[in-house]
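Shown next, in structure tokens, is the structure this report addresses.
The values are calculated or read from the model by the stated rules, or taken from the named source; none is laboratory data. Since the structure is predicted, the reported quantities are computational estimates derived from the model, not experimental observations. Reconstructed Cβ throughout: ideal geometry from the backbone, glycine too, with neighbour counts over all protein chains shown. To get the accessible areas, we keep the full protein, side chains included, count just its heavy atoms, and leave off ligands, DNA and RNA. Shrake-Rupley method; radii C 1.70, N 1.55, O 1.52, S 1.80 Å.
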Amino acid sequence: MTLRAGPEDRGLRLDIFLARHLVQFTRSHIQTLNRSGGVLVGNRQEKAGYRLRGDEVIEVDLETSRAPSLEPQDIPFRIVYEDDDLAVIEKPAGLVVHPGAGTSEGTLVHGLMFKFRSLSGAGGDSRPGIVHRIDKWTSGLLIVARNDWTHARLSRAFQDRAVEKTYLALVHGRMRQPSGDIALNIGRHSAVRTRMSVQQGRGRSALSSYRRLKELGDFSFLEVKIKTGRTHQIRVHLAAIGHPVVGDDVYGERRYAQFVKKYGKPGRYFLHAAELKFTHPRTGELLHLESPLPEELNDLLERIGS
């Protein structure tokens, strides 16, 4: 595919230019394509932040980022909603969403391929149907796109913050306020690249809102809504204000060790994606889907409250 930058594109970042012209693909897929050498600006590979002069010829090889084919696997998960355009599924804790470093099979993607005949390809060959993600040890609702038309519109809805996501979380400590907002930038940790951290004046803007539902001794049971979708956002934000999620041995190491001594290993994060509200991209219907708290989390609540 050949794209041409015009005078109106002068000064525009390469990744933004590509996103405007390759609307069927997610930003992450475009970045992967560029890193893989699939984008050449005047026969040269440039970084995503390259500023266009406004006269470049840009060659895009859509085959470059193709991953080895994935084999469907019968992975258990519950389908909450399904039609020809999309599905909403309930991911169990412990299941990785898509293949990546150290995980080549047994992911949710393998299960989606087994359950559904058609899935969108806009996220790349290793992420069919995947529009957004939740952490391995978090459970709950995920939207799956079944074609590229739907994928592009759902991606836009997430970018426009038109998808309302509500989580249930048990955190250490008693909240000073019954509700509040956490507006702290999040970026990659400077020393540990697998972790994220709150960053003053750097990183990407992130906003979470919480409401206390119940106090259980030295713990608070919260409803959390996220306005942005940064990696590990809820876990990082709650840890940053001194209330790490129960079971989180990454951002709440000291509290996690104390918890294990008293209650034993929880086996997962006490974080559950309980509700999704969004407008169906084709029908315009407002969908409001819910997922009950998993049995193991209900059991933990009872043990702590007894």
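Would you list the strands (runs of 3 or more DSSP E) that sit entirely within the stretch 50-139 and hold 2 or more residues that are at pLDDT 95 or above?
Here the list reads 78-82, 86-91.
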ask   = When you go through Gly37, Gly42, Gly94 one by one, which is the residue that is surrounded by fewer than 13 Cβ atoms within 10 Å (Cβ to Cβ), small (Gly, Ala, Ser) and under 28 Å from Leu287 (Cα atoms)?
value = Gly94
inquiry  = Let me spell it out: the conditions are (1) farther than 19 Å from Leu22 by Cβ; (2) of a type outside the set (Phe, Trp, Tyr); (3) open to solvent by 40 Å² or more (accessible area, probe 1.4 Å), and Leu142 meets all of them except one. Which number is the exception?
reply    = (3)
task = Go through the stretch 22-32 and count every residue that is surrounded by 19 or more Cβ atoms within 10 Å (Cβ to Cβ) and without any contact (Cβ under 8 Å) to a residue 40 or more places away in the chain.
result = 2
message = Suppose we filter Ser208, Ser179, Ser197, Ser220 for residues that are farther than 15 Å from Val236 by Cα and buried (at least 17 other Cβ atoms within 10 Å of the Cβ); which single one remains?
response = Ser220
Residue selected from the stretch 274-284 under the condition in contact with a strand residue (DSSP E or B) (Cβ under 9 Å, 6 or more places away or on another chain) and closer than 15 Å to Ala87 by Cβ, by the criterion surrounded by the most Cβ atoms within 10 Å (Cβ to Cβ) = Leu276
